[in-house]
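Notes follow once the structure below has been shown.
The values are calculated or read from the model by the stated rules, or taken from the named source; none is laboratory data. The structure displayed is predicted, hence computed values, not measured ones. So basically every Cβ, Gly included, is an ideal-geometry build from the backbone, and we count neighbours across all protein chains shown.
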Amino acid sequence: MQDIDPAEIGPIRDLPAAQVLRAIRLVRQGKVIDLAVPRFRGMPLFPGHPTFEVHAFRTPRGLRVGGDKPWGAHNDIGLGYMSEVVSGSMHSGAHIDALAHMTIGPEARWYGGSTADQHLGDFGPTRGDGSKLPPILTRGIFLDVPRTVALTPCRKASP
């Protein structure tokens, strides 16, 4: 990581190796707790984000109707396939916000001093986009708030 500008990594750059080792020593069961939630059409999202969608791109029926022959002229067994296009916000399900996610001021400045005018292209930020963030391994605390206060978790498509 020595070649990466610290402004592209944020405070995680200061995570001491000794802390990582302490966290690893806490493992007793090898149990993995998946914090991700399934992504599905109609899943609850912040109103400013696009909906999560899965669109059929190619289907066996579409191949037949279109007369397409991706396998070549001979396909005696009728081999077909499905291919999907997934669209939606990176801010669905479990994720880590990139350093560029939140901005402030008229110049839309984000962590590390980058601004939208200088570092935001058509395909996202060119600095602070999260692509340089290292894996994070440290002690965590899992809080199951609904269970603790006896609440029913949100239903599918709940705001």
For region 67-77, does any single residue satisfy the condition of being of a type in the set (G, A, S) and surrounded by 10 or more Cβ atoms within 10 Å (Cβ to Cβ)?
no
Please state which one of F46, F57 is of a type in the set (A, V, I, L, M, F, W, C), more than 25 Å from P134 (Cα to Cα) and surrounded by 10 or more Cβ atoms within 10 Å (Cβ to Cβ).
F57
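For region 98-125, name all the residues that are assigned to a loop (DSSP other than H, G, I, E, B) and in contact (Cβ under 8 Å) with a residue 12 or more places away in the chain.
Going through region 98-125, the residues assigned to a loop (DSSP other than H, G, I, E, B) turn out to be 98-103, 105-108, 110, 114, 122-123.
A98, L99, A100, T103, A108, W110, S114, listed by residue number.
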Within region 78-114, residues being surrounded by 15 or more Cβ atoms within 10 Å (Cβ to Cβ), more than 28 Å from P135 (Cβ to Cβ) and not aliphatic (A, V, I, L, M) number 1
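Restricting to region 42-82, name every residue that is assigned to a loop (DSSP other than H, G, I, E, B) and within 30 Å of I136 (Cβ to Cβ).
Let us first name the residues in region 42-82 that are assigned to a loop (DSSP other than H, G, I, E, B), namely 42-52, 59, 67-82.
Passing the criteria: M43, P44, L45, F46, P47, G48, H49, P50, T51, F52.
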Considering only residues of region 14-41 that are assigned to a helix (DSSP H, G or I) and touching a residue at least 24 places away in the same chain (Cβ under 8 Å), which is farthest from the chain's Cα centre (by Cα)?
R22
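Please tell me if D3 is assigned to a loop (DSSP other than H, G, I, E, B), under 23 Å from G130 (Cα atoms) and free of Cβ contacts under 8 Å to residues at least 40 places away in the same chain.
On the way: assigned to a loop (DSSP other than H, G, I, E, B): yes; under 23 Å from G130 (Cα atoms): yes; free of Cβ contacts under 8 Å to residues at least 40 places away in the same chain: yes.
Yes; evaluated as a whole, the condition is true for this residue.
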Determine the pairs where a residue that is within 30 Å of H101 (Cα to Cα) and at pLDDT 90 or above, located within region 65-89, has a partner that is of a type in the set (V, I, T) and not in a strand (DSSP E or B) with Cβ atoms under 9 Å apart, the partner being 6 or more residues away or on another chain.
S87/T51
